[in-house]
Amino acid sequence: MAGLNKLVNSYEAALDGLEDNMTIMVGGFGLCGIPEGLIAQMVKMGTRGLTAISNNAGVDDFGLGLLLKSRQISTMIASYVGENATFEQQMLSGELNVILTPQGTLAEKIRAGGAGIPAFFTATGYGTPVAEDKETREIDGRHYVLEPALKADFALVRAWKADTMGNLVFRKTAANFNPMMATAGKITVVEAEHIVEPGELDPDHIHTPGIYVDRLIQGTFEKRIEQRTVKAATK
Amino acid sequence: MALSREQLAQRVSQELQDGFYVNLGIGIPTLVANYIPEGIEVMLQSENGLLGMGEFPTEETIDADLINAGKQTVTAVPGASFFSSAESFAMIRGGHVDLTVLGAFEVDVNGSIASWMIPGKLVKGMGGAMDLVAGADNIIVTMMHADKYGNSKLLPKCELPLTGYGCIKRVLTDLAFVEIKDGAFHLLERAPGVSVEEIIEKTAGKLIVPEHVPEMVF
């Protein structure tokens with residue numbers, strides 16, 4: 001790589017250095033906005049004992065579900081894992097450790113991790129199982145739970161457009177957890193749908209500045225739809 | 001007669017005000033979008049990062065990058081915006097959403113809510129529900145008044161693990177509309193044809209019944 005050019009030419013290079021027992025963040029909400037090619041590469045590498053931070057766990061045969069099927073994930077930090085039967089089996093048998101985290105708290109823990117905030121107080125989860133063994137504090141008459149930040153060895157992000165310097169633009173609800181995760185990885189790897197030259201993206205329209213991005217790869221995406229809902233055709 | 005799912009949604013829709021930003025949970029709350037009163041402009045927030053959720057797309061306009069929090073394909077209305085999950089929950093936690101509607105297994109006289117976990121059964125996760133109940137001031141819980149065996153879901157104290165502590169003020173069930181304050185349920189309205197006696201019988205938590213309890217009007 002030369003200078004500020006983040007582009008790599010192979011998935012091997014994109015995930016070079018990923019080892020067993022590392023912590024990864026994987027962008028996406030359900031199957032929307034997931035880095036499909038990077039997940040496929042992890043399956044190929046067979047890296048094991050991973051702690052995966054992602055809002056959901058994919059479905060049985062797509063998304064993070066692929067890594068669960070191959071038993072590469074040992075701990076999952078997520079807010080909702082309802083759509084995956086493999087996940088359910090591994091959770092019930094105890095081979096998978098699951099840390100359920102409220103969605104907004106999960107997003108903020110990642111944001112905080114990337115922004116140098118070690119922990120924060122939130123009212124979310126006070127008085128619930130989520131607050132067990134956590135420090136609480138009353139501030140102005142309301143109760144809050146102390147939530148530590150999250151960081152990862154690798155953050156795997158999917159973007160719509162990127163320039164070669166790693167400036168990113170996301171598209172519609174495929175943004176979701178990707179912008180925060182881009183800031184919270186020791187190594188942030190972005191899989192983009194379109195890669196352009198520096199200067200081609202309007203600086204006013206960049207969602208994630210290139211400073212957060214270490215590696216960039218051109219992806220191709222299936223973009224599978226989880227719940228295909230359409231309105232009845234109008235006559 | 002107990003309210004149907006559609007009537008529950010319809011009654012909630014009467015609480016919508018012009019200019020409201022509203023988050024609708026999965027299930028009955030989602031149906032509220034079908035009953036937005038004429039002449040009222042509201043914007044629907046979907047916590048995966050969309051303000052201004054529209055109807056389902058057609059086969060031609062379907063877009064894998066545009067879904068709601070239930071992971072269904074949707075559209076965006078003119079004036080909509082997209083943003084990250086952190087921004088989305090800043091809106092929610094920061095109290096910027098005017099009305100939140102969501103379901104529950106149980107509520108109690110202190111306004112606590114249980115909606116995500118039944119011990120011994122498979123736990124799927126709380127999603128955004130804990131953030132929604134903690135962040136919103138104006139919440140309507142829609143639920144059945146009692147389970148299929150007649151056991152009340154409006155309790156002195158929630159028995160299931162909580163989603164939120166002391167955060168619910170209004171509950172609409174298939175039998176009644178109640179307000180929670182001062183450690184009791186206060187009966188505001190009853191479903192058409194449902195007697196006060198039936199509501200009393202099916203409410204385990206302390207219930208304050210005024211002299212006159214109006215029927216809901218649709």
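The values are calculated or read from the model by the stated rules, or taken from the named source; none is laboratory data. On a predicted model such as this, the values are computed, not experimentally measured, just so you know. As a convention, Cβ positions derive from the backbone with ideal geometry for all residues, glycine included, and neighbour counts pool all protein chains shown.
May I ask you to verify whether A:Glu95 is free of Cβ contacts under 8 Å to residues at least 12 places away in the same chain and not basic (Lys, Arg)?
Against the criterion (free of Cβ contacts under 8 Å to residues at least 12 places away in the same chain and not basic (Lys, Arg)), A:Glu95 does not qualify.
For segment A:122-138, state whether one or more residues are touching a Ser or Thr at 6+ places or on another chain (Cβ under 7 Å) and part of a strand (DSSP E or B).
yes
So which of A:Glu83, A:Glu108, A:Glu95 ends up being in a loop (DSSP other than H, G, I, E, B), touching a strand residue (DSSP E or B) at 6+ places or on another chain (Cβ under 7 Å) and farther than 21 Å from A:Lys44 by Cβ?
The conditions single out A:Glu83.
B:Val101 fails exactly one of the following numbered conditions: (1) more than 7 Å from chain A (Cβ to nearest Cβ); (2) in a loop (DSSP other than H, G, I, E, B); (3) in contact with a strand residue (DSSP E or B) (Cβ under 7 Å, 6 or more places away or on another chain). What is the number of that condition?
Here B:Val101 meets the rest and fails (2).
What is the residue count in segment A:169-183 for residues that are surrounded by 24 or more Cβ atoms within 10 Å (Cβ to Cβ), hydrophobic (A, V, I, L, M, F, W, C) and touching a helix residue (DSSP H, G or I) at 6+ places or on another chain (Cβ under 7 Å)?
Selection size over segment A:169-183: 5.
Quick one: which residue in A:Glu222, A:Glu193 is within 14 Å of chain B (Cβ to nearest Cβ), assigned to a strand (DSSP E or B) and either in contact with an Asp or Glu (Cβ under 8 Å, 6 or more places away or on another chain) or among the acidic types (Asp, Glu) (or both)?
A:Glu193
Scan segment B:51-98 for residues that are of a type in the set (Gly, Ala, Ser), more than 7 Å from chain A (Cβ to nearest Cβ) and assigned to a loop (DSSP other than H, G, I, E, B) and report the count.
4
If you scan segment A:109-148, which residues turn out to be touching a His at 6+ places or on another chain (Cβ under 9 Å), of a type in the set (D, E, K, R) and surrounded by 13 or more Cβ atoms within 10 Å (Cβ to Cβ)?
Once the filter is applied, which keeps residues that are touching a His at 6+ places or on another chain (Cβ under 9 Å), of a type in the set (D, E, K, R) and surrounded by 13 or more Cβ atoms within 10 Å (Cβ to Cβ), segment A:109-148 yields nothing.
Considering each residue of segment A:67-107, count those that are more than 12 Å from chain B (Cβ to nearest Cβ), surrounded by fewer than 23 Cβ atoms within 10 Å (Cβ to Cβ) and under 15 Å from the mean Cα position of the chain (by Cα), and give that number.
The qualifying residues number 1.
Given (1) of a type outside the set (A, V, I, L, M); (2) within 26 Å of B:Arg93 (Cβ to Cβ); (3) part of a strand (DSSP E or B), identify the lone condition not met by A:Thr173.
Just one mismatch for A:Thr173, condition (3).
Just one of (1) touching a strand residue (DSSP E or B) at 6+ places or on another chain (Cβ under 9 Å); (2) in a loop (DSSP other than H, G, I, E, B); (3) more than 10 Å from chain A (Cβ to nearest Cβ); (4) without any contact (Cβ under 8 Å) to a residue 24 or more places away in the chain trips up B:Gly125, so point out which.
(3)
Out of all the residues in segment B:14-54, which are of a type in the set (Gly, Ala, Ser), buried (at least 19 other Cβ atoms within 10 Å of the Cβ) and either at pLDDT below 95 or on the phi < 0 side of the Ramachandran plot (or both)? Quick ask: steps written out before the conclusion?
First pass over segment B:14-54, keeping only residues of a type in the set (Gly, Ala, Ser): B:19, B:25, B:27, B:33, B:39, B:46, B:49, B:52, B:54.
Pick out the ones that are also buried (at least 19 other Cβ atoms within 10 Å of the Cβ) and you get B:25, B:46, B:49.
Of everything in segment B:14-54, those that are of a type in the set (Gly, Ala, Ser), buried (at least 19 other Cβ atoms within 10 Å of the Cβ) and either at pLDDT below 95 or on the phi < 0 side of the Ramachandran plot (or both) turn out to be B:Gly25, B:Ser46.
Check whether at least one residue in segment B:146-167 is away from chain A (no Cβ under 14 Å), without any contact (Cβ under 8 Å) to a residue 60 or more places away in the chain and under 25 Å from B:Gly95 (Cβ atoms), and report yes or no.
Scanning segment B:146-167, I find no residue that is away from chain A (no Cβ under 14 Å), without any contact (Cβ under 8 Å) to a residue 60 or more places away in the chain and under 25 Å from B:Gly95 (Cβ atoms), so the answer is no.
Would you call B:Gly125 at negative phi, at pLDDT below 95 and crowded, with 18+ Cβ neighbours inside 10 Å?
When the stated conditions are applied, B:Gly125 does not pass them.
Can you list residue pairs whose Cβ atoms sit under 6 Å apart, with the first residue in segment A:164-182 being at negative phi and the second being in a loop (DSSP other than H, G, I, E, B) and of a type in the set (Asp, Glu)? Count only pairs 6 or more apart in sequence or on different chains.
Matching pairs, first to second residue: A:Arg171/B:Asp65; A:Ala174/B:Asp65.
Does segment B:89-109 contain at least one residue that is under 30 Å from B:Asp182 (Cβ atoms), of a type in the set (Gly, Ala, Ser), at pLDDT 95 or above and crowded, with 19+ Cβ neighbours inside 10 Å?
yes
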